[in-house]
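*Asks:* Sharing a structure below in structure tokens format, with a few things to ask.
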Amino acid sequence: MILDCYKFIDCSLSQPTMMLFQPFSINPIGQPIVAMHIPDGFLNVPVMLIAWILSIALIALSLKKVEADYQDRAVPLMGVCAAFIFAAQMINFPIPGGTSGHLMGGTLAGVLLGPWAGSLVMSIVFMVQALIFQDGGIVALGANILNMGLVGTFGGYYLFRTIRNFVDRLQFSRQSPRQSPRQSGHQFKSLIIGTAIASWFSVVFASALVALELALSGTVPLSVGLTAMVGWHMMIGLGEALVTVSTVTFIWRSRPDLFYTSSHKKAQTLSRSVSR
Amino acid sequence: MRHSSNHFNNRLFMITGLSIALIIAVFISPFASKDPDGLDRVAQDLAFESKAHSDPLAHKLPFFAVFEEYAVRGVPEAIATPLAGLAGTIVTFGLAMGLGKLATRRLSMTDRRSSAHQHDESNWE
């Protein structure tokens, strides 16, 4: 296993003793390099430019939406979410095969805060990581925000919502007419199922997107990159689902009122309580 | 009355949440797995890892003098990562709170949207 790794290690690395004990290349003082953060150099300019355009557009939209719809009681949750995701991203857990994974957090932010405030939170996390801790390239930051943040806060959130509504509807149709869903219209079960599936999917999809970006940049062929990235991230996604579900459960049990509800949902809830 | 109890709840949540994040960043981070993560591993296996710029833009920022990735320079190795975790968590928290406050600031009472939230503290309006 160690010999295989030596084949691929860049010859310009000059710490042979280091490599003996830590065959996977990490930086000289032995700190884990967290990722799927793409460093500068992996992607070409057009790909990074498109990623920047998409990210900036979605961030700008998110800012407008937060200004229009969010109440200031969402602010503590934004702070806590950002802090927690930053901290959790430092914690790599081992994956069989000599790789590690860590929380991405996009779906978590989306489920708790909704796609708009969630996207702002994720953007801040990645900016701090790139600018202060050199984690992920600065030019590649647009791509990193898109892949690891926006995929989760938008894709993850909407997938979560779709699944949750579906499970609730199934549940509701089985119940006797006298029983009604919780005040908020949702059950814990549907929350967890939606969260688990959406968070797993968001990681896998993000890894596929990274492979696509790498292929478009001519860094690695698509089929090869896709197999490798998706392969590992199907496993890493399980960790993501576990952490996301645990965190969501904890907050649901302590402060269910903090969860994001869309204005559509708010209107529904209002009309339901009025008609009773 | 309702306003102050909601305020207290939010304060409590904030302190609890931030504390948990800090505990993770400071005390658990040194135990994180040092194996390369997904993209690193793929970059090694498929031999494109060397494409990463050895002197990227981030190295030109003033923060690079203080932090070498997630480790503070010039301190004993044992506390380098925890200190970095502490700094990063606090900064991230502050920026998110700051942006949140700015974005949800209401310039006048008439700007407040009436919300259908049962738990909305603007009930006291």
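The values are calculated or read from the model by the stated rules, or taken from the named source; none is laboratory data. Note that the coordinates shown come from a computational prediction; the quantities given were computed from them, not determined experimentally. Cβ coordinates were reconstructed from backbone atoms using ideal geometry, including for glycine residues, and neighbour counts include every protein chain displayed. Side chains are part of the model used for accessible areas, which takes the heavy atoms of the whole protein and leaves out ligands, DNA and RNA. Shrake-Rupley method; radii C 1.70, N 1.55, O 1.52, S 1.80 Å.
*Asks:* Within the stretch A:68-83, identify whether any single residue is more than 9 Å from every other protein chain (Cβ to nearest Cβ) and surrounded by fewer than 24 Cβ atoms within 10 Å (Cβ to Cβ), and answer yes or no.
*Replies:* No, the conditions are met nowhere in the stretch A:68-83.
*Asks:* Now a separate question. For B:GLY88, work out the one condition from (1) within 9 Å of chain A (Cβ to nearest Cβ); (2) more than 28 Å from A:VAL203 (Cβ to Cβ); (3) assigned to a helix (DSSP H, G or I) it doesn't fulfil.
*Replies:* (2)
*Asks:* Go through the residues of the stretch A:42-60 one by one and say whether even a single one is in contact with a helix residue (DSSP H, G or I) (Cβ under 7 Å, 6 or more places away or on another chain) and within 8 Å of chain B (Cβ to nearest Cβ).
*Replies:* The answer is yes, given that some residue of the stretch A:42-60 is in contact with a helix residue (DSSP H, G or I) (Cβ under 7 Å, 6 or more places away or on another chain) and within 8 Å of chain B (Cβ to nearest Cβ).
*Asks:* Would you point out which residue out of A:GLY105, A:GLY98, A:GLY114 is on the phi > 0 side of the Ramachandran plot, open to solvent by 10 Å² or more (accessible area, probe 1.4 Å) and in contact (Cβ under 8 Å) with a residue 24 or more places away in the chain?
*Replies:* Just a single option satisfies the conditions, and that option is A:GLY98.
*Asks:* When you go through (1) more than 20 Å from A:LEU131 (Cβ to Cβ); (2) within 7 Å of chain A (Cβ to nearest Cβ); (3) surrounded by fewer than 19 Cβ atoms within 10 Å (Cβ to Cβ); (4) modelled with pLDDT of 90 or more one by one for B:PHE63, which number turns out not to apply?
*Replies:* For B:PHE63, the exception is condition (1).
*Asks:* Next question, about the same structure. For residues that are assigned to a helix (DSSP H, G or I) and of a type in the set (S, T, N, Q), scanning just the stretch A:98-140, find the one that is nearest to the chain's Cα centre (by Cα).
*Replies:* Ranking the candidates gives A:THR107 first.
*Asks:* Further question on the same structure: Quick one: count up the residues across the stretch A:238-255 that are free of Cβ contacts under 8 Å to residues at least 60 places away in the same chain and either under 20 Å from A:ALA211 (Cα atoms) or of a type in the set (Gly, Ala, Ser) (or both).
*Replies:* 4
*Asks:* If B:TYR70 meets every condition in (1) open to solvent by less than 60 Å² (accessible area, probe 1.4 Å); (2) at the interface with chain A (Cβ under 7 Å from one of its Cβ atoms); (3) farther than 30 Å from A:ALA74 by Cα; (4) part of a loop (DSSP other than H, G, I, E, B) apart from one, which number is that one?
*Replies:* Only one criterion in (1) open to solvent by less than 60 Å² (accessible area, probe 1.4 Å); (2) at the interface with chain A (Cβ under 7 Å from one of its Cβ atoms); (3) farther than 30 Å from A:ALA74 by Cα; (4) part of a loop (DSSP other than H, G, I, E, B) is unmet by B:TYR70, namely (3).
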